[in-house]
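See below for the structure under consideration.
The values are calculated or read from the model by the stated rules, or taken from the named source; none is laboratory data. Source: prediction; values computed, not measured. Cβ: placed from backbone, ideal geometry, glycine included. Neighbour counts: every protein chain shown. Heads up: the accessible areas ignore ligands, DNA and RNA and are worked out on the full protein's heavy atoms, side chains in. Shrake-Rupley method; radii C 1.70, N 1.55, O 1.52, S 1.80 Å.
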Amino acid sequence: MVKFADRIQKIPEDPLNEIMKLSSDRDIISFSLGSPSKEAYPTEFIINATKKLLVENPVSMLSYGLQEGYVPLRKNFIEHIAKSRNINANLDNVLITTGATQGIELVSQVLLQEGDKVLVESPTFFAALPVFKKYGATVIPVKMDNDGIDTNDLEVKLKKYAPKLLYIIPTFQNPTGITLSEEKRKAICKLVVKYGTIVLEDDPYYDLRFIGEHIMPIKSHDKNENVIYLSSFSKILAPGLRVGVIIANKEIINKLVLAKSGADTNTSLLSQGICSEFLESGFYKSHMNEIFPLYLNRLNKMIECIEQFFPDNIEFIRPEGGLFIWLGLPKEIDTKTLLKTSSQKYKVSYVPGSIFYTNPSEHQNFIRLNYSSNDESTIEQGMKRLGMVFKDYISGLFF
Ligand SMILES: Cc1ncc(COP(=O)(O)O)c(C=O)c1O
């Protein structure tokens, strides 16, 4: 028998693995993933950028690179993204990662140790939870309101637990789609200074705002350098490139570079080169303008279908962007148990809400739906099926 390390024993299973298996059948209409729509992958731009990079610098693009990341990408990120979000940064503050996922991993590796506490929004991005636990931390949920984390509950828990880290997704949160208000962003900056906690601000959905005005990141109010900012190209360009960005103070970046070195030396230079071209060429802006109407129409279609096909007493918040709708069903529905029947018999899948909680048994009646991946007629077909799943369940048809 292999004697595995304690840290891996702290991760019981990958909940997504099971969900992916249940959605893998081609006949299933999947509302499970958080990927861009297939029409939103700019393949022609990526082919041309790849050709340009390989013709101009064939050897260096296929070689090892700096652990900190490709200098033109770091410069372009500062110029085209950080500045527009009121984030002050220079090259020493920027580290390129292999997706924001690696950002969460590296920050945890560098900051967390056995016995530390991490505060998270409840619910939160499920993939972050096992990472914090793997590095010995106890994860403590903080309540959420319709305008983001409940700052009163946050203060109570900052005082009570003296946490090392607050992990927060302020814009179009995964899974709720909720955006943290500007007042709360400012309040969080003050609170974490008072209690000596570091904020890990995970912001992959910032650009995907279809309605209303942008709200600047928490990092833009961070006078005391308490905030580590994570960004990603997965939702605005292509997740397969695996490129993310960390902005933090120099001292933190230096430690993260040490961790990055042992993890994968550097993120693929070719992927970084494509992301750099994406920003520098101006294609970033035009691409966003092109995908917004597509996503907004799909969001509207999904909401129309909820109203048309779902049972009464459904709760949801209409998001102003991002990729998800978070839906509360009548209390008696256990969406995790129902997923098997839903995907195998009704051929439609979703992500059950319970996986986003530290205590999954309390929130079994929620689901997360992705609206970006399917076209409008597929959304209609899938939502009709899903409405039927819940209505049939309520009327006791399949038990
Ligand atoms: C909040 C959040 N953080 C991080 C990630 C992972 O991003 P990446 O593809 O850059 O690793 C996701 C992806 O779904 C996410 O929703």
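Take every DSSP beta bridge whose two residues both sit in region 43-283; close to 40 percent of them are antiparallel. As a length-normalised measure over Cα pairs under 8 Å and 6 or more apart, the relative contact order of the chain settles at 23 percent.
Under a Cβ-only charge scheme (Lys and Arg +1, Asp and Glu -1), can you give me the dipole magnitude of region 335-399 about the Cα centre, in debye to the nearest 20?
On the way: 8 positive and 5 negative charges, 48 e Å.
Computed charge dipole of region 335-399: roughly 240 debye.
With one equal scatterer per alpha carbon and no solvent term, the Debye-computed log10 I(q)/I(0) for region 43-283 at 0.07, 0.09, 0.14 1/Å reads -0.22, -0.37, -0.88.
Please figure out what share of the DSSP beta bridges in region 107-226 is antiparallel and state it in percent, rounded to the nearest 5. Show your work: numbers first, answer last.
Working: 2 of 14 bridges.
Expressed as a percentage, antiparallel bridges in region 107-226 total about 15.
For GluC sites (Glu not before Pro), the sites in region 109-159 that DSSP calls loop and that have at most 13 other Cβ atoms within 10 Å are Glu114.
Between the alpha-carbon centres of region 214-268 and region 289-332 there is a gap of 30 Å. Peptide packing: for 170-182, 88-100, the average count of neighbouring Cβ atoms within 10 Å per residue gives the ranking 170-182, 88-100, highest mean first.
In the neighborhood of Phe316, defined by Cβ-to-Cβ distances under 14 Å, what is the net charge if each Lys or Arg adds +1 and each Asp or Glu adds -1?
Values: positive: Arg318, Arg368; negative: Glu304, Glu307, Asp312, Glu315, Glu320.
Combined, the nearby Lys, Arg, Asp and Glu give -3.
Which order do the peptides 219-225, 282-288, 229-235 come out in when sorted by mean C-beta neighbours inside 10 angstrom, highest first?
Values: 219-225: 17.9, 282-288: 14.9, 229-235: 24.9.
My ranking of the peptides, most packed first, is 229-235, 219-225, 282-288.
For region 309-399, GluC sites (Glu not before Pro) are listed when DSSP marks them as loop and at most 14 other Cβ atoms sit within 10 Å of their Cβ; the list is Glu332.
Keeping the other protein chains in place, figure out the carbon and sulfur percent of the accessible area of region 147-261, with a 1.4 Å probe.
Details: 1990 of 4020 Å².
That share works out to 50 percent.
Output the peptides 66-74, 101-109, 13-21 sorted from most to least packed, where packing is the average of other Cβ atoms within 10 Å over each peptide's residues.
Values: 66-74: 20.6, 101-109: 23.6, 13-21: 13.8.
Per-residue Cβ counts within 10 Å, averaged per peptide and sorted highest first, yield 101-109, 66-74, 13-21.
How would you classify region 177-249 from its alpha-carbon gyration tensor, with a ≥ b ≥ c the square roots of the eigenvalues: rounded for a/c under 1.5, else prolate if a/b is greater than b/c, otherwise oblate?
Numbers: a/c = 2.91, a/b = 1.44, b/c = 2.02.
Cα axes put region 177-249 in the oblate bin.
Start at zero, step by 5 Å, and the Cα-Cα distances of region 224-318 spread as 2, 10, 14, 15, 13, 12, 11, 9, 8, 5, 1 percent across the bins.
In this structure region 93-222 gives 33 Å² per residue of accessible area when probed at 1.4 Å with all protein chains present.
Enter the Cα centre distance for the pair region 177-197 and region 1-61, rounded to the nearest angstrom. First find each Cα centre; the distance between them is then 32 Å.
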